[in-house]
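Read the structure below first, then the notes.
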Amino acid sequence: MSVLEVKTAGEPVLKKISEPVKKIDKRIKKLLDDMAETMYATEGIGIAAPQVGVNLRMVVVDVGNKRLDLINPEITSREGVSIDTEGCLSCPDLFGDVERAEKIHVKFTTRYHKEKEIDAEGLLARCIQHEVDHLDGRLFIDIAKNIRKGKPQRGEQVK
Ligand code: ZN
């Protein structure tokens, strides 16, 4: 596995709508592993393929209990409202308050070619919504309120 360079705001790859993954092959699995390694190395809790320069619909998240690889994730329902602080590996030292759904239902394909559906809430739901936004060329700074500069405080996580 290798740690990849993280693209930062201003790079065109972050503004494009990513393409679905058509075939889950060795290259895709290696990319998922490299994305995970990059996320752990930078102490993020989520990462999307465009952040490492690849416009494919792939996301890796780990909010502290286990790593989840989502290929072609699709949020099929959203419920409730939650406002909380977000940061992003692609927007170093920026934080802001983002309104997200509190609960979501997500469909995706696993790296083992299985179709899966999960319910997520709280931080996991927030993280998945943030990453799926990346796949649609949207950064949290496009939608955040009260954007501020600084180092992460305790409890503030970057995605
Ligand atoms: Zn991000």
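The values are calculated or read from the model by the stated rules, or taken from the named source; none is laboratory data. All of these numbers come straight from a predicted model, not from anything done at the bench. Methodologically, a virtual Cβ is constructed for each residue, glycine included, from the backbone with ideal geometry; neighbour enumeration extends over all protein chains shown. Protein only, heavy atoms only, side chains kept; ligands, DNA and RNA dropped before computing areas. Shrake-Rupley method; radii C 1.70, N 1.55, O 1.52, S 1.80 Å.
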Going through (1) within 16 Å of the ligand (Cβ to nearest atom); (2) outside any strand (DSSP E or B) one by one, residue 151 fails only at (1)
Just wondering, is there one or more residues in segment 44-52 that are part of a strand (DSSP E or B), more than 16 Å from the ligand (Cβ to nearest atom), open to solvent by less than 40 Å² (accessible area, probe 1.4 Å) and not aliphatic (A, V, I, L, M)?
no
May I ask you to verify whether residue 98 is outside any strand (DSSP E or B) and either surrounded by 15 or more Cβ atoms within 10 Å (Cβ to Cβ) or among the hydroxyl-bearing types (Ser, Thr, Tyr) (or both)?
no
Does residue 87 meet the test of being surrounded by 13 or more Cβ atoms within 10 Å (Cβ to Cβ), in a loop (DSSP other than H, G, I, E, B) and in contact with a strand residue (DSSP E or B) (Cβ under 7 Å, 6 or more places away or on another chain)? no
With the structure loaded, tell me whether residue 69 is open to solvent by 40 Å² or more (accessible area, probe 1.4 Å) and of a type outside the set (A, V, I, L, M) or whether it fails that test. no
Expected output for segment 51-68 (first residue modelled with pLDDT of 95 or more, partner part of a helix (DSSP H, G or I) and of a type in the set (D, E, K, R), Cβ below 6 Å, 6+ apart or cross-chain) is 59/131
